[in-house]
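Here the structure comes first, spelled out in structure tokens, and everything after it is commentary.
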Amino acid sequence: MPLLDRNGTKIDAWTRSEGPAIGNLSQALVPWEALAEALPQKTRDQRIGVIVPNTVRIAELKLVLRQLSLVAVAFPAYSDGRGFSLAKHIRNHGFTGTLRASGPLIADQFAYALSCGFDEIELPDTLAARQPVEQWLKARDLISHGYQRGYGDSRNILDQRRAARAADQVRAS
Amino acid sequence: MAAVPKRPPLPAILLANDLLDGDVVFASGGATDAIVWTRDPALALVATDDAAATVLESFAAAELAGNRVVDAYLVDVEIQSGAPVPRHFRERFKTLGPSNRPDLGKQAGDGIENGRRA
Amino acid sequence: MYRYDEFDERFVRERVGQFRDQVARRLDGSLTEDEFKPLRLKNGVYLQLHAYMLRIAIPYGTLSSRQLRQLALIGERYDRGYGHFTTRQNLQFNWPKLRDIPAILDLLADVEMHGIQTSGNCIRNVTADHFAGVAQDEIEDPRPTAELIRQWSSLHPEFSYLPRKFKIAVTGAEHDRAVIKAHDIGLRLRRHPDTGAVGYEISVGGGLGRTPMIGKVVRDHLPKGDLLAYLEAIMRVYNLEGRRDNKYKARVKILVHEIGAEEFTRRVEEEFARLDGPSVNADPAEVERIAAYFAPPAYETLPETSRTLDAMKAANPAFARWAEVNTAPHKAPGYTALTISLKPLGQAPGDATSDQMRLVADIADEFSHSEIRVTHAQNLVLPYVRQRDLFAIWQRLGEAGLASANVGLITDIIACPGLDYCALATARSIPIAQAIQQRFADAAREAEIGALNIKISGCINACGHHHVGHIGILGLEKRGIESYQITLGGDATENAAIGEILGPGLPAEEVPDAIERIVGVYLAQRVEGESFIDTVRRIGLAPFKSAFQEAAHAVA
């Protein structure tokens, strides 16, 4: 399935494993149900990622976050926005690995996904064919800054206004 | 992609909204003509049997896929003075316009005199 | 009122560009209709029965005369010369073409307006008390809060794909004119009983629709500076835990109901405690910046009451009646908040023609510091009127058919567009409103009946607020014809209550008789000075039910 990040298409270095067996895969992506069994098999050179449903409880997920290099949040439909809040939860719990949104998102959600802490989007083939990467990159930049603080944009409107006020004060003094 | 919904009792006509304009349009045309959209409900093609209804459904599916119309579906009608009239009051309003504003909509000839064929 | 700075301006312009791009991608097939629909809805574009509809945001119901003139222009250039003011203080046009909507949005952006989040499963346009800033019973102006929320909720990265729509209302007064208890979140500015500090009482889980509920208080007193962090906590809990398996159970009211207000509050407070407030909240200087735009105008020093007004009233009983019914007490001596009724006999409730909009804009320029408000009852307000100018305004309004003296009375009916326009409706609303207006057209009789709110919805979604009408009317379809269910005892104020069903549904032509009977019971039973709703509360539903059932020829 096609993968893209904020700069465009990228190669997926992760290999999905159906169950807990990760063999000697260097980067193994396992389902959430298999994670508890897969983690003890991990060698020092191996990296493990997990695919979680968007209904996973953060209280459970946070216990294993430090052992994970990637968390892929499943989006069953573009209209199901739980993944955006789950991403915020995962980042708020200090996860610094790769955060992936996996499912039929649309280009118009790209900026939102990045703002909520996702690094990359994994799309079904049909959707990627209908909305090629150029559309995603264009959609990413259509709104240059939002109003919300705490969503990864240090140049959000509220902080730009604050900076302008501070500059005015310096000038006035 | 929105599919064409379940077939109502016959006779029936096919209506939809034009994607760019939003106007209510009706599938029109004779047995030998190609089907086209019209804004005039009086010109709607009436399907009286399953074969004719299937033709309208295929046309609807193609037009939805071609991004020319939205919300296309068959509506059961009765024939009054030679013209099809939807049995359900909701669909009747779609062929007329707002009941509180007889000066607006198809009942006022909106989009009909100047454009029999969309 | 608030004015855009360079950031707001760019944001709205970019949003128009984004929509233009979305329309183009719909036409070339990049976006399917299923994908495009929520995108267009989030910009206020519906597909209705006869045409597209564009709902334009009028944030917390505040408009300038310049904006109203632009709406008049759009109505003429791209629509049919009229617009419809809604129960969420917005304006909608019923006939725009999708191909024209980007151009319409350009015209709106020219006057600092947009259609952002007037529909869709996101945080909707914020509403507020229409007498904000001028009401005598106000503790603090709710508009700075509403504007802060408008900005914060616009294109929110996390909360744009919620389980369902989400409505927030704010009031700063003792009397609730913003129906806050029927909102997903209702905010009431109040003074702390001990410290005197102004903060927010926060209710969650109110709403009308299929399962009407009154909001529950989750916080008695939130410090003002914590607002955005607290809202973020509520929204995150809802976004993750609100039901998505059934559209009719997806509003936050169902979550609050299912897990209980206490458990909901616990989860919100837990998330709020974990949030880093300072990194989320607006800094106090930003709140001050916004608040400064809502400073009161330079009022003239006037006596408490105008002798000119008194003289005009004495000389002209029709004017006197209008001046009494359509005005509200004002903070500033000698001023009044004037409501212009959009419910003249025979017109669709809330409709205004482009000419009428221009007239109101002209009057606002001359007499009300160029400002207009839209009420959730689908009327307009001139908030800063000198009492002595009322007569001149009345004359001008009268020429345009806008001088109905019926605000808050039985013919001041709230009605959604219903099946005359709306694709979701199950029955018509407008003709029912018109028939009731016709029945109660006699001004003396209307005055005798006094305060009575009739609210009509053309489907269970309850855009016409029927649940909280003193008399509510819900239009449904029953066996192929329109059928109207009547409820009694609803209340949209601080005494919020959901009305109870009186009996089986009626065919349209029997509705005016049924209302007549209900009013008859009230007139026979009321004690001196008692309003309709007070009589209903005192004597209960039973007498009304029996009168109703005698009359009712239910839809079999």
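Rg and Dmax, both from the Cα atoms of region C:342-435 and both in Å, are 14.5, 47. Taking Cβ atoms as reference points and 11 Å as the exclusive limit, the residues near C:D220 contribute a net charge of +2, counting Lys and Arg as +1 and Asp and Glu as -1. The equivalent ellipsoid that matches the C-alpha gyration tensor of region C:198-356 spans semi-axes of 43, 25, 14 angstrom, in descending order. Accessible area per residue for chain C is 33 Å², calculated with a 1.4 Å probe on protein heavy atoms, without ligands, DNA or RNA. Computed from the Kirkwood radius of its Cα pairs, the Stokes-Einstein diffusion coefficient for region B:1-78 at 10 °C and 1.306 mPa s stands at 130 µm²/s.
Compute the relative contact order of chain B as a whole-number percentage, counting only Cα pairs closer than 8 Å that sit 6 or more residues apart in sequence. Answer for chain B is 30 percent. Scattering from the protein assembly as shown was approximated by placing one identical point on each alpha carbon and applying the Debye formula without solvent; log10 I(q)/I(0) at 0.06, 0.11 1/Å stands at -0.43, -1.38.
Take the accessible area of chain A alone and of chain C alone, subtract that of the pair, and you get about 4100 Å² summed over both chains, using a 1.4 Å probe. In whole percents, the pair-distance distribution calculated for region C:308-383 from its alpha-carbon pairs, binned every 5 Å from zero, is 3, 14, 21, 26, 21, 12, 4, 0. For region B:29-112, the share of alpha carbon pairs falling in successive 10 Å distance bins from zero is 15, 46, 33, 6 percent. Straight-line cross-link reach from A:K42 at under 25 Å between alpha-carbon atoms covers these lysines, not counting any fewer than eight positions away in the same chain: A:K62.
Kirkwood's formula applied to the C-alpha pairs of region C:397-438 gives a hydrodynamic radius of 11.6 angstrom. Say the dipole of the protein assembly as shown comes from +1 at the beta carbon of Lys and Arg and -1 at that of Asp and Glu; which of C:A427, C:I363, C:G81 then lies farthest toward its positive end? Working it through, the farthest residue towards the positive pole turns out to be C:A427. Descending by average beta-carbon neighbour count within 10 Å, the peptides B:87-95, B:45-53, C:366-374 line up as C:366-374, B:87-95, B:45-53, the highest first. Annotation: peptides A:110-119, C:312-321, ranked by per-residue average of other Cβ atoms within 10 Å with the highest first, follow the order A:110-119, C:312-321. For chain C, the cysteines with no partner cysteine C-beta closer than 4.7 Å are C:C122, C:C422, C:C459.
Taking every alpha-carbon pair in region C:414-555 and binning the separations at 5 Å intervals from zero gives 2, 11, 21, 24, 22, 13, 5, 2, 0, 0 percent. Magnitude of the charge dipole for region B:12-108, about its Cα centre and with charges confined to Cβ atoms of Lys, Arg (+1) and Asp, Glu (-1), is about 340 debye.
For peptide C:474-486, what's the mean number of Cβ atoms from other chains within 10 Å of each residue's Cβ?
Average neighbour count from other chains, rounded to a whole number: 1.
Based on alpha carbons, the Rg and Dmax found for chain C are 22.9, 68 Å.
The aspartates and glutamates whose alpha-carbon is closer than 14 Å to the alpha-carbon of C:K247, local same-chain residues fewer than 8 away aside, are A:D80. Remark: region A:4-130 projects, on average over all directions, an area of 7.6 nm² (convex hull of Cα atoms). Atom-type composition of the exposed protein surface of region C:414-555 places 52 percent of the accessible area on carbon and sulfur (1.4 angstrom probe). Averaged across C:25-36, how many Cβ atoms of other chains sit within 10 Å of each residue's Cβ atom? Counting Cβ atoms of other protein chains within 10 Å of each residue's Cβ and averaging gives 6.
Sorting the segments C:537-548, C:387-398 by their residues' average number of neighbouring beta-carbon atoms within 10 angstrom, most packed first, yields C:387-398, C:537-548. Across region C:135-292, Cα-Cα pairs farther apart than 22 Å form 39% of the total.
Principal axis extents of the C-alpha atoms in region C:82-165 (largest first, rounded to whole Å): 46, 35, 23. The mean number of partner chain beta-carbon atoms within 10 angstrom of a residue's beta-carbon across peptide B:68-74 is 2. Residue pairs exceeding 21 angstrom between C-alpha atoms, taken from C:K167/C:K249; A:K88/C:K181; A:K10/A:K138: A:K88/C:K181. In chain B, the DSSP-assigned H stretches of four residues or longer account for a calculated mean residue ellipticity at 222 nm of -6500 deg cm²/dmol, using -39500 (n - 2.57) per stretch and the full residue count as denominator.
Which log10 I(q)/I(0) values, to two decimals, does region A:63-173 give at q = 0.11, 0.17, 0.19 Å⁻¹ under the Debye formula with one point per Cα? With one equal scatterer per Cα and no solvent, log10 I(q)/I(0) is -0.44, -0.86, -0.99. Expressed as a fraction of 2.2 N^0.38 Å, the C-alpha radius of gyration for region A:58-113 is 1.12.
Lys and Arg at +1, Asp and Glu at -1: add these up for the other residues within a Cβ distance under 15 Å of A:I48 and post the number. Before the final figure, lay out the partial values.
Details: positive: A:R16, A:K42, A:R44, A:R47, A:R66, A:R100; negative: A:E18, A:E33, A:E37, A:D45.
Combined, the nearby Lys, Arg, Asp and Glu give +2.
Each listed q (0.17, 0.19, 0.22 Å⁻¹) maps to a log10 I(q)/I(0) for region C:372-482 from the Debye sum over equal C-alpha point scatterers, namely -0.89, -1.03, -1.21.
The Cα-based radius of gyration and maximum Cα-Cα distance (Dmax) for region C:6-110 are 13.6, 40 Å.
Distance from the Cα centre of region B:39-74 to that of region A:1-73, in angstrom? Each part's Cα centre sits 48 Å from the other's. Chain B against chain C buries an accessible area of about 2600 Å², both chains summed, 1.4 Å probe radius.
The values are calculated or read from the model by the stated rules, or taken from the named source; none is laboratory data. What you are looking at is a predicted structure, and each value in this text was computed from that prediction instead of being measured. Positions of Cβ are generated from backbone atoms using ideal geometry, with glycine treated the same way; all protein chains shown enter the neighbour counts. What goes into the accessible areas is simple: the full protein's heavy atoms, side chains included, and nothing from ligands, DNA or RNA. Shrake-Rupley method; radii C 1.70, N 1.55, O 1.52, S 1.80 Å.
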